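Enquirer: Handing you a structure now.
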Amino acid sequence: MQIDIIKKYFKDLSDKQIKQFSLLYDLYQDWNAKINIISRKDIDNLYEHHVLHSMAIAKLIHFKAGTTILDFGTGGGFPGIPLAILFPEVSFKMIDGTGKKIKVATEIGKDIELRNILPMHMRGEEEKDKFDFIVSRAVMPLPNLIKIVRKNISKEQHNALPNGVIVLKGGNLKEETKSFKKIIEQIELTQWFEEEWFKDKYILYLPC
């Protein structure tokens, strides 16, 4: 089963979480036939390339109950939905400028009975609320993202890591990160995941 790759790296999942993760494949496959959320060639790799990739953030930080997170440019729900399954006592606001993508995230959230997500069709520039962390998955160059979301970082601290921005990226990031090089952390995902696909994939963490 594809979900075995999730259980391989996250061994303490509850029965409810395993059920929620198990439902994702059929739901995304069904929606993908109507709205192209994930590359048609990549849907069979949903758990490795999208779900587990999103969950890499949980290897960096275990969010405490009550933490508030903005998933910027969530698309069809990544990284927000996998993280919301993993952290049921954490609140996730998931925004995207494309309404049909938010519809997918909303409906999948309902189908797996996620109570801790709020998907909304809006642009990041319109977001006025404050959050402990902003998470994102290869939405735009980091300097552009920081300009938009810096206003949304709360000054109240709840977690072991200072509040900030956590981004999943791949490839050569030297140019993107050069203006933040004194404070940014760049972590290779291969330290957690052994699959070939995770080579040249990174988490960028920028305290704000």
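The values are calculated or read from the model by the stated rules, or taken from the named source; none is laboratory data. Small disclaimer: the values here were computed from a predicted structure and weren't measured. Here Cβ is always computed from backbone atoms with ideal geometry, including for glycine, and neighbour counts include all displayed protein chains. These accessible areas exclude ligands, DNA and RNA; they are computed on the full protein's heavy atoms, side chains included. Shrake-Rupley method; radii C 1.70, N 1.55, O 1.52, S 1.80 Å.
Enquirer: Can you tell me which residues in segment 13-30 are open to solvent by 30 Å² or more (accessible area, probe 1.4 Å) and either modelled with pLDDT under 95 or part of a helix (DSSP H, G or I) (or both)?
Expert: Hits for segment 13-30 are D15, K16, I18, K19, S22, L23, Y25, D26, L27, Q29, D30.
Enquirer: Could you please give the count of residues in segment 160-192 that are modelled with pLDDT of 95 or more and open to solvent by less than 30 Å² (accessible area, probe 1.4 Å)?
Expert: Matching residues across segment 160-192 total 9.
Enquirer: Determine, yes or no, whether S54 is surrounded by 21 or more Cβ atoms within 10 Å (Cβ to Cβ), at pLDDT 95 or above and of a type in the set (S, T, N, Q).
Expert: yes
Enquirer: Of all the residues that make up segment 196-208, how many are part of a loop (DSSP other than H, G, I, E, B) and surrounded by 15 or more Cβ atoms within 10 Å (Cβ to Cβ)?
Expert: Qualifying residue count for the region: 1.
Enquirer: If the Cβ limit is 8 Å and pairs must be 6+ apart or interchain, which residue in segment 77-103 that is within 18 Å of H121 (Cβ to Cβ) pairs with which residue that is modelled with pLDDT under 95 and surrounded by fewer than 20 Cβ atoms within 10 Å (Cβ to Cβ)?
Expert: I95/R123; G97/R123; K100/I35; K101/I35; K103/I35
Enquirer: Further question on the same structure: Are any residues in segment 66-77 buried (at least 24 other Cβ atoms within 10 Å of the Cβ) and either closer than 12 Å to F131 by Cβ or polar (S, T, N, Q) (or both), and if so, which ones?
Expert: Correct list: I69, L70, D71, F72, T74.
Enquirer: Of all residues in segment 32-65, which are hydroxyl-bearing (S, T, Y) and in a helix (DSSP H, G or I)?
Expert: Across segment 32-65, the qualifying residues are Y47, S54.
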